[in-house]
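Data block below; observations after.
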Amino acid sequence: MPPADPNADLLPHEIAGPVWYLPYPLPVMIAAGLVLLLAVALALWAFIRWRRRKARRILTARERALAALSAARVRSQETAPYDFSIEVCDVLRSFLGAEHHLPATTQTSYEFLQTARGSAVFDADRLSRLTRFLEKADAIKFARADATAADNDDLTALAEDLVKGEVPDAVAS
């Protein structure tokens, strides 16, 4: 009689293969994990960018004008007076339009001076400085008056003075 086989009581149909305990195939789960990781990274990047943009302080019209005039002053020695007067005049007119809601960018110098005379924004001293600035800028721009780098500096100083100038009490309150 042949020796008794110790595994004889186990039949082949009773042995089961490995049991898959993951709900989806492994490559699908890896791909889903990568997509989820990418989505989290994108959300984090968007959040950081939003915070930085929110944290940036918006400059006032006065601060923007002073920064533009400061940048122009740096270039005043090498810029042609004609081009320089256009640039500085645009900065000042844009400031007056944004800060005081005056039609400075849409009117001629004469029309704007008439508007400024009727405005509470300008007292007599500021109005005379504005008149000097516009006359000097117009002489350079339209009459092509001989101008030098010193005239560029003078225009910049007048414009900065007008931008920094105090608003009369009637407008400030």
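List of remarks:
- Meets criteria (touching a Phe, Trp or Tyr at 6+ places or on another chain (Cβ under 9 Å) and either more than 30 Å from residue 140 (Cα to Cα) or modelled with pLDDT of 90 or more (or both)) for residue 68: yes
- Any hit, the stretch 45-54, residues being of a type in the set (Gly, Ala, Ser), out of contact with any strand residue (DSSP E or B) (no Cβ under 8 Å at 6 or more places or on another chain), more than 30 Å from residue 151 (Cβ to Cβ) and at pLDDT 85 or above: yes
- From the options 96, 102, residue that is assigned to a loop (DSSP other than H, G, I, E, B) and among the aliphatic types (A, V, I, L, M): 102
- For the stretch 110-131, a residue qualifies if it is surrounded by 14 or more Cβ atoms within 10 Å (Cβ to Cβ) and part of a helix (DSSP H, G or I), and the qualifying residues are 112, 113, 115, 116, 126, 127, 129, 130, 131.
- Flag if residue 120 is farther than 14 Å from residue 152 by Cα and modelled with pLDDT under 90: yes
- Hey, residue 48 β-branched (Val, Ile, Thr) and assigned by TED's automatic domain parsing to the domain that holds residue 109 or not: no
- Residues that are loosely packed, with under 15 Cβ neighbours inside 10 Å, modelled with pLDDT under 85 and not acidic (Asp, Glu), drawn from the stretch 144-167: 144, 145, 148, 149
The values are calculated or read from the model by the stated rules, or taken from the named source; none is laboratory data. Predicted, not measured: the structure shown is a model, and the values here were computed from it. Positions of Cβ are backbone-derived with ideal geometry, glycine not excepted, and every protein chain shown enters the neighbour counts.
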